[in-house]
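Nothing in this text is a laboratory measurement; each read-out follows from the coordinates by a stated rule. Everything numeric here is computed off the predicted structure, so don't read it as measured data. FYI the Cβ positions are ideal-geometry reconstructions off the backbone, even for glycines, and counts take in every protein chain you see.
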Amino acid sequence: MPLWIPLTIGAAFLQNLRSTWQKQLTSELSAIAATYVRFSFGLPVAALYVTLLVYGTGAALPTPGAEFLIYCLIGGLAQIMGTVLTVALFAYRNFAIGSAYVKTETVQTALFGFVVLGDALSMGSVAAIFISLTGVMLISSTRSALTFKLFFTSLLERPALMGIGGGACFGVSAVSYRAASLSFGREDFLMPAAFTLLSVMILQTIAMTAWIAWREPGQLTATARNWKVSFLVGLTGALASMGWFTAMTIENAAYVRALGQIELLFAFASSVFLFKEKTKRLEVFGVLLVTAGIVLLLFAR
């Protein structure tokens with residue numbers, strides 16, 4: 001099994017945990033502050049990871065150039081904007097519409113990857129991505145009473161536009177991170193991915209600390225007051241990012257993000273087996289489509 005597959009599955013599982021704890025913070029923190037803890041509390045974890053690679057494996061630190069820094073800056077800012085838009089959707093009564101549109105990230109990642117890096121997809125992979133996307137939409141519609149008619153008629157409403165924007169931001173960030181890691185031109189992948197992650201988190205933490213200190217100074221105190229949950233968000237977020245960054249250094253970002261939709265299967269399993277929630281036929285069909293899309297992706301790529 002190619003290494004990028006278990007890395008992506010592990011990253012998706014950890015991201016599901018991170019999202020759960022991050023959602024808890026939205027009642028105590030603003031959308032921007034809830035986003036901020038993901039980077040500020042995750043930064044020490046990323047730094048420790050790079051340190052362990054240097055002293056544990058003897059891997060040499062890369063020498064960053066202008067291309068690397070530009071991609072890190074673009075990717076870091078895009079990820080911040082995507083996360084802020086996604087977290088901000090919880091404040092809307094019809095946030096499910098926006099959340100569904102965020103899932104178009106996989107398609108947008110494929111487009112950005114082709115334009116920026118020339119990462120082409122096979123016809124089978126394109127079909128797999130759209131099959132999974134259809135399954136994601138079915139699950140979202142079933143859990144939130146969102147109909148397909150409402151999904152399309154709400155295209156120009158703010159939550160939908162925020163969702164599309166969030167998906168685009170995540171697509172840009174994924175491709176930018178892959179481009180940043182590949183800019184070193186090294187055959188190894190662990191250190192380029194780790195160094196890219198650390199560099200991005202430094203930029204994100206500095207930028208968001210400055211912004212919050214200027215616009216929402218009280219939120220810095222609030223993040224410290226909620227340090228326990230913030231730490232869990234930062235820890236799981238950093239560990240998930242290690243998986244994402246490494247997988248996207250090895251493989252096409254569109255494939256990685258498409259396989260990452262397995263996160264929905266984890267959430268579905270939790271609702272059924274842990275919380276004993278009832279499921280609907282359409283939801284089960286959506287899960288089967290996501291599963292079929294993932295299986296097709298692994299064999300068609």
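Using a Gaussian network model of the chain in which every pair of alpha carbons under 10 angstrom is joined by a spring, one finds that among Y55, Y101, Y255 the greatest mean-square fluctuation is at Y55. The separation of region 39-88 from region 239-268, counted between C-alpha centres, amounts to 16 Å.
Near G234, once Lys and Arg are set to +1 and Asp and Glu to -1 for all other residues with Cβ below 10 Å from its Cβ, the sum equals +2. Phi angles of region 210-219 translate, via the Karplus equation with coefficients 6.51, -1.76, 1.60 and θ = phi - 60°, into HN-Hα couplings of 5, 5, 5, 4, 7, 9, 9, x, x, 6 Hz per residue; Gly and Pro are given as x.
When the Gaussian network model of the chain links Cα atoms closer than 10 Å, the mean-square fluctuations of A59, A160, A254 top out at A59. Each residue of region 11-28 was assigned a 3J(HN,Hα) from its phi angle through the Karplus expression (A = 6.51, B = -1.76, C = 1.60, θ = phi - 60°), giving 5, 5, 5, 5, 5, 4, 5, 4, 5, 4, 6, 5, 5, 4, 6, 5, 7, 10 Hz with x at Gly and Pro. If R0 equals 45 Å, the separation of the Cβ atoms of V116 and V284 corresponds to a calculated FRET efficiency of about 0.75. Computed 3J(HN,Hα) for region 231-243, one whole-Hz value per residue from the Karplus formula 6.51 cos²θ - 1.76 cosθ + 1.60 where θ = phi - 60°, is 5, 5, 5, x, 5, 5, x, 5, 5, 5, 5, 4, x, glycine and proline marked x.
Summary value for the chain: 40 percent relative contact order, contacts being C-alpha pairs under 8 angstrom separated by 6+ residues. Most mobile of T291, T205, T20 per a Gaussian network model of the chain (Cα springs, under 10 Å)? Residue with maximal mean-square fluctuation among T291, T205, T20: T20. Alpha-carbon geometry of region 160-214: the Rg and the Dmax are 14.1, 42 Å, given in that order.
Among D119, D188, the order by Cβ neighbours within 10 angstrom, fewest to most, reads D188, D119. Scaling the Cα radius of gyration of region 4-300 by the globular reference 2.2 N^0.38 Å produces a ratio of 0.97. In terms of other Cβ atoms within 10 Å, R225, R257 run from fewest to most in the order R225, R257. Based on alpha-carbon atoms, the Kirkwood radius and the radius of gyration of region 1-127 give Rg/Rh equal to 1.00.
Simple spin-label estimate for T51 and I202 gives 1.4 nm between the two label positions (7 Å along the Cα-to-Cβ direction from each Cα).
Helix content alone sets the calculated 222 nm mean residue ellipticity of the chain: runs of n ≥ 4 DSSP H residues at -39500 (n - 2.57) each, divided across all residues, give -26000 deg cm²/dmol.
The count of lysine pairs in region 4-300 with alpha-carbon distances below 23 Å, taking only pairs 8 or more places apart or on different chains, stands at 7.
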